[in-house]
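> One structure follows; several queries about it will come next.
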Amino acid sequence: MAAVTHERAASKKQDHTQAKRKDERIKVRARPAKGDLVGDLRHRLQLSQAVFARLLPVSVRSLASLEGGSAPTDGVARRLIELRRLTNALTEVMKKESLGKWLETPNEAFDELKPLEVIERGESDRIWSMVYFLRSGVPS
């Protein structure tokens, strides 16, 4: 009888240890893996999956699949490269901690549109123009 009780306790301890390891893996995954362009870019932009999916444009489910390691389609891959280039340019002219908030704030320079909406509409050239003037120091 004591052996059965000891086995149950050992089994419970093992289950608890496995659950703890699973929780640790989930926490680690919250930060994108090295080489994970999609997760890294979303993390740098400080955007939720729903908002970032709109930028690609893909469904949230497709975005989760991409973050899980699925290969993007050619169109999505091009959009990711474009977003990465734009993100790199923006972090040259503003603090990277401010980028997420800036993207989601209506901006007078874009007719009160949020920069995210400008990108969604396919008008990222307006943001590139702003980056150019900020880099050069020329008032617009």
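Laboratory data are not the source of any read-out in this text; all were calculated from the coordinates shown. In this text the structure is predicted, and so the values were computed from the model without any measurement. So basically every Cβ, Gly included, is an ideal-geometry build from the backbone, and we count neighbours across all protein chains shown.
> On a full-extension model of 0.36 nm per residue, what is the gain between ALA71 and VAL138, subtracting their alpha-carbon distance, rounded to one decimal in nm? Before the final figure, lay out each step's value.
Details: separation 67, 0.36 × 67 = 24.12 nm, distance 4.08 nm.
Result: 20.0 nm gained on full extension.
> Sorting LEU113, LEU45 on the 10 Å Cβ count, fewest up front, what's the list?
LEU113, LEU45
> Additional query: Among residues other than ASN107 whose Cβ falls under 13 Å from its Cβ, what is the net charge (Lys/Arg +1, Asp/Glu -1)?
Details: positive: LYS101, LYS114, ARG126; negative: GLU104, GLU108, ASP111, GLU112, GLU117, GLU123.
Charge balance near ASN107 sits at -3.
> What Kirkwood radius, in Å to one decimal, follows from the Cα pairs of the stretch 31-136?
Working: mean 1/r = 0.0708 Å⁻¹.
That comes to 14.1 Å for the stretch 31-136.
> Can you tally the net charge around ILE119? Count Lys and Arg as +1, Asp and Glu as -1, for every other residue whose Cβ sits under 15 Å from the Cβ of ILE119. It would help to have the intermediate numbers written out before the result.
Working: positive: ARG42, ARG44, ARG54, ARG78, ARG79, ARG84, ARG85, LYS114, ARG121, ARG126; negative: GLU82, GLU104, ASP111, GLU117, GLU120, GLU123, ASP125.
Cβ neighbours under 15 Å give a net charge of +3.
> What is the local net charge at LYS95, summed over the other residues whose Cβ is closer than 13 Å to its Cβ (Lys, Arg +1; Asp, Glu -1)?
On the way: positive: ARG44, LYS96, LYS101; negative: GLU92, GLU97.
Taking every Cβ under 13 Å from that of LYS95, the sum is +1.
> In which sequence would GLU67, GLU92, GLU82 go, from the one with the fewest C-beta neighbours within 10 Å to the one with the most? Spell out each step's value before the answer.
Working: GLU67 19, GLU92 10, GLU82 13.
Ranked by crowding around the Cβ, least crowded first: GLU92, GLU82, GLU67.
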